[in-house]
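Shown next, in structure tokens, is the structure this report addresses.
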Amino acid sequence: MLQNKRVFDTDVQLFKYKVLKEVIRRAYNGTMENAYLEIPKVVSPGPKSELRCCIYKERAIVQENIRMAMGGDKSNPNVVEVIDIACDECPIGGIYVSPACRGCITHACKESCPRGAISIKDRHATVDKEKCIECGKCAKACPYGAIIAQHRPCMVSCKVKAISMDSDRKAKIDNDKCISCGACIRQCPFGALADKSFVMDIIDILKKSENNTKYKVYAVVAPSIISQCQSSSVEQVTTAIKMIGFENVFEAALGADITLYHEALEWKEKGGSMTTSCCPAFVNFIEKYFPELRENVSHSPSPMVETALLLKKIDPTCKVVFIGPCVAKKAEFQHPRTEQAIDSVMSFEELQAFVDARGIDTASLEGTPLEDASYFGRIFARSGGISSGLQEIAKKNGIEGIKPVAMSGIEECRNNLMLLKLGKSQFNFFEGMACVGGCVNGPLCINHGMKNIGDVDQYGRDARKEELMDSVELWAEHFDKDANGLKESH
């Protein structure tokens, strides 16, 4: 991240970045007046289109990305929106028998179908759409791979079935079902699903601070940022964030240490079973799909909120902006339960655009060290990190009986929550992450992959604080609390 050569997973991300960069640059320079006319010609200079059927459509999509960069549809409460013109109207063919069908005589496809939807006609398999339930068993059974399950990438990625097709064959989001996980944004090959950006609000916050003289503006950075640094260090990125206009940069991992303490204490006091509150998409999932388990959700604030609450306790007039890989955080910071601790949220993609729009060469900067959190706070960024930290704090404080399970991705969350609901789970502490692998694979990361998990573990080992209770004692000092709550309640 933040380097001379851009490295994005996809051209969709690169396209989005170019628009964000221009919007931010113009917002700082006060030249937004003709943005909708001029930015499309900068991003897509022509005369030929690079990504779409024609230059006119490409520029029209740029205009829609400008709208999203400026906050999107204010009447739509969802932070995820559909850019209609960018939607390719992907075919919804369901189960399709391709010409590769060899007319074999084993008829494995037919035998595997639980509804008798496949028949053999003229030595070729055919599908009865009225009977087909699109389970995909025939596709798996075909020895030639001749049967294809055709589904929209956005619909496949959405594990809560919040995306459907409207009468114009465009993607449509059901806000009552959507949990704001952002999986559809990452998986749409045409960039038709997009997250609202709050960069204009952040610029306004920074400008009105008058270089942090009217009030201080602090950045709270998710620990998954380590996986985004490729040719520059986290310390150099921290310096770059300060050069954007932030007074100082703090680790959300600091709040993670505090969250661990609160959740361990809460589990001990409540007994029974408890789920984590760290991933807002996971919390949304429980509230919408397992409402009977709402009381099991920890009342402890998320690490993002814990860090911001501490900063605002120390400096009541400050403003706090969270920087991370998560779409759902853009919804969480606006929720009443966060007590307005966070003033805005910026993604890693947007941070890249911010730094480049300001002409900052991160790789050439001196580093600013981050020393806010422990190993356990930093590994919150990957699946299993919360469970590891909870077991550590339980062991050190004589708490027995915690049986945690780390759930990676909504499908694992659903399976384990169903067992909890039915009273059949062997676990009593449920760590839920909507993104497979955890925050290191958040939809608004610049790059994704298993390597990111290793990066986070090493980042944790590099933590200068050896004990997570150091963060708890800092919290206790400013909130007039006793940091020995765990031991005293034992």
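The values are calculated or read from the model by the stated rules, or taken from the named source; none is laboratory data. Being a predicted model, the structure only gives us computed values, none of them experimental. Cβ placement follows ideal geometry from the backbone for every residue including glycine, while neighbour counts extend to all protein chains displayed.
Counting only residues that are of a type in the set (S, T, N, Q), assigned to a helix (DSSP H, G or I) and under 21 Å from Gln228 (Cβ atoms), the range 373-397 holds 0 of them.
Restricting the range 466-477 to residues that are within 27 Å of the chain's Cα centre (by Cα) and not aliphatic (A, V, I, L, M), which is modelled with the lowest pLDDT? It comes out as Trp475.
The condition of being at pLDDT 95 or above, farther than 17 Å from Val221 by Cβ and out of contact with any Asp or Glu (no Cβ under 6 Å at 6 or more places or on another chain) holds for only one of Ala331, Ala394, that being Ala331.
The requirement of being of a type outside the set (Ser, Thr, Tyr) and closer than 20 Å to Gly182 by Cβ is fulfilled somewhere in the range 287-295, by at least one residue.
Put simply, of Val220, Val160 the only residue that is closer than 23 Å to Tyr289 by Cα and in contact with a Phe, Trp or Tyr (Cβ under 8 Å, 6 or more places away or on another chain) is Val160. The sole residue among Val405, Val320 that is surrounded by fewer than 24 Cβ atoms within 10 Å (Cβ to Cβ), assigned by TED's automatic domain parsing to the domain that holds Gln230 and in a strand (DSSP E or B) is Val405. Restricting the range 285-295 to residues that are touching a helix residue (DSSP H, G or I) at 6+ places or on another chain (Cβ under 7 Å) and of a type outside the set (Phe, Trp, Tyr), the residue that is farthest from Lys465 (Cα to Cα) is Glu292. Do we find that Ile179 is within 19 Å of the chain's Cα centre (by Cα), part of a loop (DSSP other than H, G, I, E, B) and either among the charged types (D, E, K, R) or crowded, with 24+ Cβ neighbours inside 10 Å (or both) in this structure? When the stated conditions are applied, Ile179 passes them. Screening Pro77 against (1) surrounded by fewer than 17 Cβ atoms within 10 Å (Cβ to Cβ); (2) free of Cβ contacts under 8 Å to residues at least 60 places away in the same chain leaves a single unmet condition, (2).
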